[in-house]
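The structure under discussion appears below in the form of structure tokens.
The values are calculated or read from the model by the stated rules, or taken from the named source; none is laboratory data. The structure displayed is predicted, hence computed values, not measured ones. Neighbour counts run over all protein chains shown; Cβ positions are idealised from the backbone, glycine included.
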Amino acid sequence: MSKTIFEMIINKDIPSLKIYEDDEYIAFLDVNPKQKGHTLLVPKIKQKNILEESKKVKESILEVAIMISKILKKKLNATGIKIIINNGKSSGQIVFHTHFHLIPYYDKKVKPINNEEVLNKILN
Ligand code: AMP
């Protein structure tokens, strides 16, 4: 079976702007951000979506999503954050490898998004 784009990122076959990684998860900036700091949190073991996920991932992914969301909020001075999971084509899922969208929101208008600059802000 062909690899998903996220498996290629996990395997480092293609680059990503990574903000977090541990044994089970990777998080990187979305190439097509809806907002400044739009991040994808992805389990390293591929399942099609959250409905198919292992008990282990179901029990830990929200904890990781919240931890990263707090970092994004703090580092980017966001005032809110949306956590979205699309499951199935008709719901808007394009990449069939479980992922959470972590999308920061701001009270003030923010400058046009440059993902490299955003990465710098998050990591420093
Ligand atoms: P979904 O519609 O929930 O499947 O979302 C898939 C997301 O993956 C979209 O927001 C895309 O912009 C994002 N995406 C696709 N390819 C890449 C990539 N190479 N690096 C980062 N994000 C990606």
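State whether one or more residues within the stretch 49-62 are in a loop (DSSP other than H, G, I, E, B), within 11 Å of the ligand (Cβ to nearest atom) and surrounded by fewer than 16 Cβ atoms within 10 Å (Cβ to Cβ). Among the residues of the stretch 49-62, not one is in a loop (DSSP other than H, G, I, E, B), within 11 Å of the ligand (Cβ to nearest atom) and surrounded by fewer than 16 Cβ atoms within 10 Å (Cβ to Cβ), which makes the answer no. Within the stretch 78-117, being at pLDDT below 95 and among the hydrophobic types (A, V, I, L, M, F, W, C) holds for VAL110, ILE113. Considered as a group, the residues in the stretch 1-41 that are of a type in the set (Gly, Ala, Ser) and surrounded by 13 or more Cβ atoms within 10 Å (Cβ to Cβ) include one that is nearest to LEU76 (Cα to Cα), and that residue is GLY37. None of ILE10, ILE14, ILE26 is free of Cβ contacts under 8 Å to residues at least 40 places away in the same chain and farther than 23 Å from GLU59 by Cα except ILE14.
Applying the condition of being assigned to a helix (DSSP H, G or I) and among the β-branched types (Val, Ile, Thr) to the stretch 63-95 and asking which residue is surrounded by the fewest Cβ atoms within 10 Å (Cβ to Cβ) yields ILE66. Remark: MET67 matches the filter, which requires a residue to be among the hydrophobic types (A, V, I, L, M, F, W, C) and more than 16 Å from the ligand (Cβ to nearest atom). Of all residues assigned to the stretch 91-109, at least one qualifies as being farther than 20 Å from MET8 by Cβ and acidic (Asp, Glu).
To keep it simple, each residue is scored yes or no on (1) over 14 Å from the mean Cα position of the chain (by Cα); (2) within 21 Å of SER2 (Cβ to Cβ); (3) of a type outside the set (D, E, K, R).
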site	(1), (2), (3)
GLU63	no, no, no
ILE85	no, no, yes
SER90	yes, no, yes
VAL95	no, yes, yes
THR98	no, yes, yes
LYS121	yes, no, no
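Are any residues in the stretch 20-53 hydrophobic (A, V, I, L, M, F, W, C) and touching a strand residue (DSSP E or B) at 6+ places or on another chain (Cβ under 9 Å), and if so, which ones? Matches in the stretch 20-53: ILE26, ALA27, PHE28, LEU29, LEU40, LEU41, VAL42, ILE50. Exactly one residue among THR4, THR79 is touching a His at 6+ places or on another chain (Cβ under 8 Å) and either away from the ligand (no atom under 12 Å from the Cβ) or touching a residue at least 24 places away in the same chain (Cβ under 8 Å) (or both), and that residue is THR4. Of the residues making up the stretch 82-99, just one is more than 9 Å from the ligand (Cβ to nearest atom) and either among the hydrophobic types (A, V, I, L, M, F, W, C) or touching a Leu at 6+ places or on another chain (Cβ under 7 Å) (or both), namely ILE83.
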